[in-house]
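The next block holds one structure in the form of structure tokens; read it before the comments.
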Amino acid sequence: MSAEPQSAPVPALADLYEHALRERIRRLKKLRAHPEMLPAVRRYYRTHIADWINDWGVTIDPRNIRKGLPVVIPFLLDERQREWIDFTLDNWKHGRYGLTVKSRDVGVSWLIVALSIGLATLYDDLAVGWGSFKSDKVDRLGDMGSLFEKGRNYMEGLPLEFRGGYEARSCASLMRLLFPNTGGAILGEVGDNIGRGSRTAIYFVDEAAHLEHGEVVDAALSKTTDCRQDVSSVYGMNNTFAVRAHQKDVPRFDFHWRHNPRMTQRDYEDFLDTWGPVITAQELDMNFQASVEGIVIPALWVNAAVDAHLKLKIKPTGERLASLDVADTGRDKNAAAVRHGVLLEHVESFSGKESDIYATVERAFLICDSYGAIRKVRYDADGVGAGVRGDARKVNEKRNPAKLIAVEAFRGSAAVLDPTREMVEGRRNEDLFANFKAQAWWALRMRFQNTWRAVNGEPYEADDIISISSAIPEKAKLLIELSQPTYSQNLAGKLLIDKQPEGTPSPNLGDAVMMAYAPARKPLRIDESVLED
């Protein structure tokens, strides 16, 4: 059984919804008793649309009947949903493209509906476009899976004061929602016809990865709107959505199932049991390469490692150390990891832009101090990280002599460790791995594989697994990155580690974890921390 917190019990959710409804009734009575307040309230909501959604919006979920909850419930935004609204509005204000990669059932379609209606009813003469790869996704009467059916039901849940003059009989038709009081409209299109209609201030393409002719839609929308927002679950790499998702200059928002407080590890495992590993990797784990061979660590194994020490009743013991992956300036970030034996206690990313290696080392040492008794940091000595050794010496000179932190160079480009031994039966290390980086990633893969087998009841050695603390704040990002690298073979038949697909941001958190669990090349004495590593 998972040790992660489970969903809030039904009575707690019911109480939460009831409290929200009572508060809405109180607020609406006050507004109707003082109608002169409405213009000021509307002005406030124009720049606080997330509050407008949280205060008045609804969602509809027929599955709630089974849970003993109302089908129509207040749309109470969680933190990640608010972040998505901020992300999208910022793209709109700057007239730029944005892309959202999502897991299934995190509520993004409802966010599209709520945000669109908020824009069309709070601003004058604002048109929003909705498109998807097939008509059932855009508008199908009675089908809550379609955007416009969601929109019609959303409108019915709003007070008259915030409907923009909308009346169901005259303002709702096939792929159309009209708001006469503001002159706003929401217009729908399908497939290759996306972008062929009226000009829009913002255009949402839902399930963009499934467009059959993405290039055709690209050309049409370029003339229709200056703020296209693509939203989709992943569907392999052979589509324009996937290509843009891996371009470094594209504003991208990841909405992983682990960001959803209403979904638990048990929900994930139930989905896995029902749909299998490939669909789960694609639909929930946002793995663009779910059906691609050559993933070093499958997402299935990674998810099994969350709190594995609790599942297996293992008390972490052994070495405590940290690792540091140093990024250059730009999109990539520095990353640090902290382990205690098999337990990954912490990972943390932080910007290195407008900073220097000295400041990065100071930050890494501060992280070590926060987790106590950590006296060694492995760092990536290839590339920009080469300067860590000298700056670590300077930082240590200012520290308490009893709290010096040694640094150990990790050189992924180095030759393999123990070349004549066999990490994988039947293949000598020097014959299997092209370099030490490939060997270290494969060693991490073997830990995750051992963990997967252990939590499924197979025999295991306690020191050969890995457990990821569920308390890590950046856990969702980490779990995604751990399944990002792929492997290939060079001309000599040796394994190489790739950051496929081309243009993928560096998996800095994943690299930090890999270094933390890499086989040690040599012992390191603490007093060497102010000398050579």
Report the residue count in region 376-407 for those that are charged (D, E, K, R), crowded, with 16+ Cβ neighbours inside 10 Å and either touching a residue at least 60 places away in the same chain (Cβ under 8 Å) or closer than 15 Å to residue 516 by Cα (or both).
-> 5
Please find, among 119, 178, 126, the residue that is touching a Cys at 6+ places or on another chain (Cβ under 7 Å) and closer than 22 Å to residue 89 by Cα.
-> 178
Report yes if some residue within region 359-371 is surrounded by fewer than 24 Cβ atoms within 10 Å (Cβ to Cβ), among the aromatic types (Phe, Trp, Tyr), in the same structural domain as residue 454 (by TED's automatic domain parsing) and not in a helix (DSSP H, G or I); otherwise report no.
-> no
Determine if region 133-150 includes at least one residue that is in a loop (DSSP other than H, G, I, E, B) and at pLDDT 95 or above.
-> no
Residues that are part of a helix (DSSP H, G or I) and surrounded by 22 or more Cβ atoms within 10 Å (Cβ to Cβ), drawn from region 152-170 = 154, 155, 162
On the given criteria, is residue 201 surrounded by fewer than 23 Cβ atoms within 10 Å (Cβ to Cβ) and aliphatic (A, V, I, L, M)?
-> yes
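Yes or no, residue by residue, for (1) modelled with pLDDT under 90; (2) more than 25 Å from residue 135 (Cβ to Cβ); (3) acidic (Asp, Glu):
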position	(1), (2), (3)
204	no, no, no
208	no, no, no
214	yes, no, no
231	no, no, no
234	yes, no, no
244	yes, no, no
253	no, yes, no
268	yes, yes, no
Considering region 474-491 alone, what residues qualify as being assigned to a loop (DSSP other than H, G, I, E, B) and either free of Cβ contacts under 8 Å to residues at least 24 places away in the same chain or of a type in the set (A, V, I, L, M) (or both)?
-> 491
Filtering region 408-436 down to residues that are charged (D, E, K, R) and surrounded by fewer than 20 Cβ atoms within 10 Å (Cβ to Cβ) yields 411, 418, 421, 422, 425, 427, 428, 430, 431
Considering residues of region 257-280 that are part of a helix (DSSP H, G or I) and of a type in the set (D, E, K, R) only, the residue surrounded by the fewest Cβ atoms within 10 Å (Cβ to Cβ) = 273
Residues of region 56-95 being more than 23 Å from residue 263 (Cα to Cα) and of a type in the set (D, E, K, R), which ones?
-> 90, 93
Out of 226, 230, 254, 249, report the one residue that is touching a residue at least 40 places away in the same chain (Cβ under 8 Å), in a loop (DSSP other than H, G, I, E, B), in the same structural domain as residue 188 (by TED's automatic domain parsing) and not β-branched (Val, Ile, Thr).
-> 226
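Go through region 35-71 and report how many residues are hydrophobic (A, V, I, L, M, F, W, C), in contact with a strand residue (DSSP E or B) (Cβ under 7 Å, 6 or more places away or on another chain), crowded, with 16+ Cβ neighbours inside 10 Å and over 16 Å from residue 163 (Cβ atoms).
Final tally of qualifying residues: 1.
The values are calculated or read from the model by the stated rules, or taken from the named source; none is laboratory data. All values reported here derive from a predicted model rather than from experimental measurement. Glycine gets a Cβ as well: all are built from the backbone with ideal geometry, and neighbour counts include every protein chain shown.
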